[in-house]
Structure formats: C-alpha cells, structure tokens
Amino acid sequence: MTTNCIKFASADIETAKGVGSISTLTFDLDITVEPVASANPMAPTHRVLGRSPRGKLVECGGIWKKQNKETGADYYTLTIRDHGFNANLGKAANQDDLSLQAVIPWGPKDAA
C-alpha cells in the first residue's frame, strides 16, 4: 500500500473501518481506524490504532469530522498523539476511489 494513505472499506468514510500507513522522517506507523459511535458532537468519528513494539494494537489518535467555515464543506482531520502529528484527509492524487484517502500533514499550532 502507498504510504500516507488510509484505505477505508467504503466511500462512506464516517462509518467505515480502514487500514493505512503514515511515514515521516521520525516515525513509521501501520494504522487501523475503527468508527466510533457517539452522541457527543465533539467526539472523534474514528479511533486510530497503531502497533506497539510487541505487535499489540494500541490507540494512538483519532479522526474528527470538521466543517470548513467559509464553504461549509465537510472534511476530516487526523491526530497521532505521541508524535504531535496532525493531518487532513483528502482524495488521494490521481485516484477516483473516494475510499482511498491521502493523509496530508500540517504542522502543530504554536503555543502562544
């Protein structure tokens, strides 16, 4: 599988499980994402699970559904806690398959 992508089981990302990988200069993770059912509008849509050095699945982050303030369009963000990694999800380049989402990193916000 291409790195920095998540392949969801369907194009209905909000309810689909997925697998993928995220690679940077400082870490390389194979991940599994599982949908979360919650009535809390601030809750993540998915748990992000990575593998421990001994191979166990460990929750390491989440995916949240957000809305663009200017256009009203929905989008998803991903966070990996231990690495301070933040990203948006978007259609993978040169792909028509909406179930394949690119992980597009963006830097952490500076603490002011």
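The values are calculated or read from the model by the stated rules, or taken from the named source; none is laboratory data. As the structure is a prediction and not an experimental result, all values here were calculated from the model. Positions of Cβ are generated from backbone atoms using ideal geometry, with glycine treated the same way; all protein chains shown enter the neighbour counts. Please note that ligands, DNA and RNA were not included when accessible areas were found on the heavy atoms of the full protein model with its side chains. Shrake-Rupley method; radii C 1.70, N 1.55, O 1.52, S 1.80 Å.
As an exercise: evaluate Leu49 against (1) within 19 Å of Gly90 (Cβ to Cβ); (2) at pLDDT 95 or above and give the number of the one condition it does not meet.
Going through the list (1) within 19 Å of Gly90 (Cβ to Cβ); (2) at pLDDT 95 or above, Leu49 breaks only (1).
Given the conditions (1) modelled with pLDDT under 90; (2) surrounded by 12 or more Cβ atoms within 10 Å (Cβ to Cβ), and given that Leu29 satisfies all but one, which numbered condition is not satisfied?
The one condition Leu29 does not meet is (1).
Can you tell me which residues in region 1-23 are acidic (Asp, Glu) and open to solvent by less than 80 Å² (accessible area, probe 1.4 Å)?
Residue satisfying the conditions is Glu14 alone.
A quick yes/no check of all residues on (1) of a type in the set (Ser, Thr, Tyr); (2) open to solvent by 80 Å² or more (accessible area, probe 1.4 Å):
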site	(1), (2)
Leu25	no, yes
Val36	no, no
Arg51	no, yes
Lys56	no, yes
Gly62	no, no
Leu78	no, no
Asn86	no, no
Lys91	no, yes
Ser99	yes, no
